[in-house]
Structure formats: structure tokens, C-alpha cells
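Data block below; observations after.
Quick note: the coordinates plus some simple rules give every number you see, no bench work behind them. Worth saying up front: this structure is predicted, and the values here are computed from it rather than measured. No Cβ is skipped: glycine too gets one built from the backbone with ideal geometry, and neighbour counts run over all protein chains shown.
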Amino acid sequence: MTVSIRRASIDDAEALARIYDDASVRAGTLQMPYPLVSTWRDRLAQTDGQIILVASSGESVIGNIGLHLNLKTPRRAHAASLGMGVQTAWQRKGVGSALLAAVIDIADNWYGLARLELSVYTDNEAGVALYKKFGFEIEGTLRAYALREGVLVDTYSMARLRARPNITPR
Ligand SMILES: CC(C)(COP(=O)(O)OP(=O)(O)OC[C@H]1O[C@@H](n2cnc3c(N)ncnc32)[C@H](O)[C@@H]1OP(=O)(O)O)[C@@H](O)C(=O)NCCC(=O)NCCS
């Protein structure tokens, strides 16, 4: 079935809460168990400084990605961070790649950003492989970064640097 990418709306809150209610998806993120639909609604209502896209198949939302801009910090305006997740049943089918490609297009070609950054748990093989495929590099390891199922786990800081936007030739 065709997967399409679109901007998230408040009506996607329930689907997104359900995706992150899955322990294996949550394990790759900083999301908490028993997510509230209202938390997602509030998150989606906040349009300033963040762009949230969803992947859908037919009527179903199957994944999302958020691009978080630094609008209030001029000296960090060239950089943005991202976070994402794909419903377990849809993983390894190209959905994560489609979401990440869409956000990179926005970052590169519409905001002219020079740096995209993220944190990924060091044991998240799928995440690390996906990000490397799109040109992200490991910049360092953050020890005991987050609590996950009772254990303080390490993350990699990864970033993708890009040259300045092209200039139209004369
Ligand atoms: C990480 C995640 C977003 C990847 O999404 P996906 O839709 O499965 O990714 P894709 O199918 O587009 O795969 C892209 C690449 O990632 C790598 N990859 C994906 N799943 C993998 C796995 N289980 N093991 C190793 N590499 C994997 C492959 O390099 C793949 O490219 P290929 O298919 O050309 O070989 C998804 O696994 C997920 O949502 N995990 C739980 C939440 C999470 O970890 N979010 C990221 C937080 S930093």
C-alpha cells in the first residue's frame, strides 16, 4: 500500500499516542508509558518552531517525525534537532526513510539549515543505521543519558552538516 507524508494535525493525536504506547517503539525514544492523547494534542497544537510530519497508509497514521527549530536563539538558527518513530508493524519497510527524507528536504531546501542533530541510544541499531544512511555522523557518546526500563543508557550524539545553499549562477 502507498505511504504518504503530510503535515500532522491535532486530529492525529490519538494515533500518535497509540504508536508510542508500544513498548518497543517507546524504547527508542524519550516517551513515557501510558501516553495521554491530550499530551499529543498539546504537542501538535504548538506550531511555533516545530514541524511535525506523519506517514500514513490509507486512513492509518503509521509514523511521525518532528523537526525542532531554534527560532528564539539566533546563533543556533542554522541548526535543528529531530525525533521520530514508526509503528512496529511498519518498520523496515522504508517509512522511516520517507519521513527523514521529507524533513531533510525541508531543512536543506526551505530553511537552508547547516546542521541537523539528534540523540539515539547506542544500542538502537535500526536508528543508527537509518541516520548513517542519510549522512549523519556520530559526534560523541553521552553516558547514562536517559532512564529506560530501569537502566541508565548511553546515547550517541549524531549530526549531519551541510554546505550553504546553492547560489543561482549568473
Ligand atoms: C528507527 C526507525 C525510525 C527506523 O524506521 P524504519 O521505517 O524501520 O526505517 P526504514 O525501513 O526506512 O529503514 C531505513 C534503514 O534503517 C536501517 N534499519 C532499519 N531497521 C533496521 C534494523 N532492524 N536493523 C538494522 N538496520 C535497520 C537500514 O539501514 C535501513 O535501510 P535499508 O532498508 O536500505 O537497508 C524505527 O525502527 C523506529 O521507529 N524505532 C523505534 C523508535 C526509534 O527508535 N526512533 C528513533 C529515535 S532516535
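Let me know the longest stretch in the chain that avoids all GluC sites (Glu not before Pro) found in a DSSP loop with at most 11 other C-beta atoms within 10 Å.
Free of exposed loop sites, the longest segment is 60-148.
Report the residue, chosen from TYR20, TYR131, TYR145, that carries the largest GNM mean-square fluctuation when the chain is represented by alpha-carbon nodes joined by springs under 10 Å.
In this elastic network of the chain, the residue with the biggest mean-square fluctuation among TYR20, TYR131, TYR145 is TYR145.
Can you report the principal axis dimensions of the chain using only the alpha carbons, biggest first, rounded to whole angstrom?
55, 39, 33
Specify the residue with the greatest mean-square fluctuation among ARG160, ARG43, ARG115, computed from a Gaussian network of the chain linking alpha-carbon atoms under 10 Å apart.
With Cα springs under 10 Å in the chain, the top fluctuation among ARG160, ARG43, ARG115 is at ARG43.
Could you let me know the centre-to-centre spacing of the range 19-64 and the range 107-133, using Cα atoms, in angstrom?
18 Å
Given Cβ point charges of +1 (Lys, Arg) and -1 (Asp, Glu) and nothing else, what value in debye, to the nearest 20, does the dipole of the chain about its Cα centre take?
680 debye
Per the helix-only calculation at 222 nm, which mean residue ellipticity applies to the chain, given -39500 (n - 2.57) for every DSSP H run of n ≥ 4 and division by its residues, nearest 500 deg cm²/dmol?
Dividing the helical sum by the residues of the chain leaves -7500 deg cm²/dmol.
Taking H placed 1.01 Å from N in the peptide plane, check which residues at least 5 places from ASP154 or on another chain put their amide H under 5 Å from its amide H.
Here THR122, ALA144, TYR145 satisfy the definition.
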